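Some notes on the structure that comes next.
The values are calculated or read from the model by the stated rules, or taken from the named source; none is laboratory data. Note that this is a predicted model, so its numbers are computed, not measured. Backbone-built Cβ (ideal geometry, glycine too); neighbour counts: all protein chains shown. Only protein heavy atoms, including side chains, enter the accessible area calculation; ligands, DNA and RNA are left aside. Shrake-Rupley method; radii C 1.70, N 1.55, O 1.52, S 1.80 Å.
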Amino acid sequence: MSSSNLPASANLYWVPKAYEEVVHEIEIKRSRFIAYANRIDSPEDAKDILECLRRTHFDARHHCSALAIGPRREVQRNSDDGEPSGTAGVPMMEAIMQRDMPDGSNTLSDVSVIVVRYFGGTLLGAGGLVRAYSEAVSRVLDGTPLAKRVLMQKFVVTTNAADAGRLNFDLRNHGIEVLDTSYGPTSVDIQVGVLHQPQAISKLHETVAHVTSGSAEITMADSDWVDEEGQAV
């Protein structure tokens, strides 16, 4: 399983920005190659999309596919769907894996591409098929808006009621996301999320220490992948 050019920290990767289908068609020697790109969360999502396209394009000869899911593209699948072995699914997969992202990496994931082929009567040969399927995927990805997906580390900051209001304000003012605030009988728990990066975590500790004079307690919670706002291209 390839993970080409994944960042060493593996704390970010790129995904289609929205769950909206992007379509692009190319024609080569009268064969039509209609490419569909979708954001997915699971192989089941891709299966549902493929089944829908099979119904829509019931008269097409091939419905070839490739997908990658997860921050390290832990799940990868592809299918030639009747084309000669290695002429469709593999080049489609490579078009995903080698796709250049805005930060210079090759980290596109959580994506399904399906290429529907209507045979035009002229054989393209193995090389021609590889080029056609690769181009179809590259073209549809050219038109797919992208978003950066980042690993958010959650913390619970426990402080007293007197400091809670100011702390809540200062955390937001320093770009730290406040996820929840829970008031107890003697203390207040503020759940926050920061990028899973040393500088972001240090900023959290510094802000809390400054506002509460070091009296607050910071507890690490779970982490989660989220789309970074304002990072669509």
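Data table
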{"item": "Neighbours by Cβ (under 6 Å, 6+ apart or cross-chain): first from region 105-129, not assigned by the TED database to the domain that holds Gly82; second part of a loop (DSSP other than H, G, I, E, B) and not β-branched (Val, Ile, Thr)", "result": "none"}
{"item": "Test: residue in region 185-198 that is outside any helix (DSSP H, G or I), surrounded by fewer than 13 Cβ atoms within 10 Å (Cβ to Cβ) and touching a strand residue (DSSP E or B) at 6+ places or on another chain (Cβ under 7 Å)", "result": "no"}
{"item": "Any hit, region 23-38, residues being open to solvent by less than 80 Å² (accessible area, probe 1.4 Å) and part of a loop (DSSP other than H, G, I, E, B)", "result": "no"}
{"item": "Spans of strands (runs of 3 or more DSSP E) in region 88-184 with at least 1 residues farther than 30 Å from Pro198 by Cβ and open to solvent by less than 40 Å² (accessible area, probe 1.4 Å)", "result": "111-118"}
{"item": "Those residues of region 42-81 which are farther than 23 Å from Asp142 by Cβ and touching an Asp or Glu at 6+ places or on another chain (Cβ under 8 Å), in sequence order", "result": "Gly70"}
{"item": "Whichever residue in region 73-87 is outside any strand (DSSP E or B) and within 17 Å of the chain's Cα centre (by Cα) and, among such residues, is farthest from Val15 (Cα to Cα)", "result": "Glu74"}
{"item": "Checking Ala8 against (1) part of a loop (DSSP other than H, G, I, E, B); (2) under 22 Å from the mean Cα position of the chain (by Cα); (3) modelled with pLDDT of 95 or more, the condition it does not meet", "result": "(3)"}
{"item": "Candidates Ser187, Ser182, Ser134, filtered to the one that is in contact with a helix residue (DSSP H, G or I) (Cβ under 6 Å, 6 or more places away or on another chain) and not basic (Lys, Arg)", "result": "Ser134"}
{"item": "Residue match in region 102-118 (condition: closer than 30 Å to Ser223 by Cβ and acidic (Asp, Glu))", "result": "yes"}
{"item": "Close pairs from region 59-80: first closer than 21 Å to His196 by Cβ, partner among the β-branched types (Val, Ile, Thr) and modelled with pLDDT of 95 or more, Cβ under 7 Å, at least 6 apart", "result": "Ile69/Ile40; Ile69/Val75"}
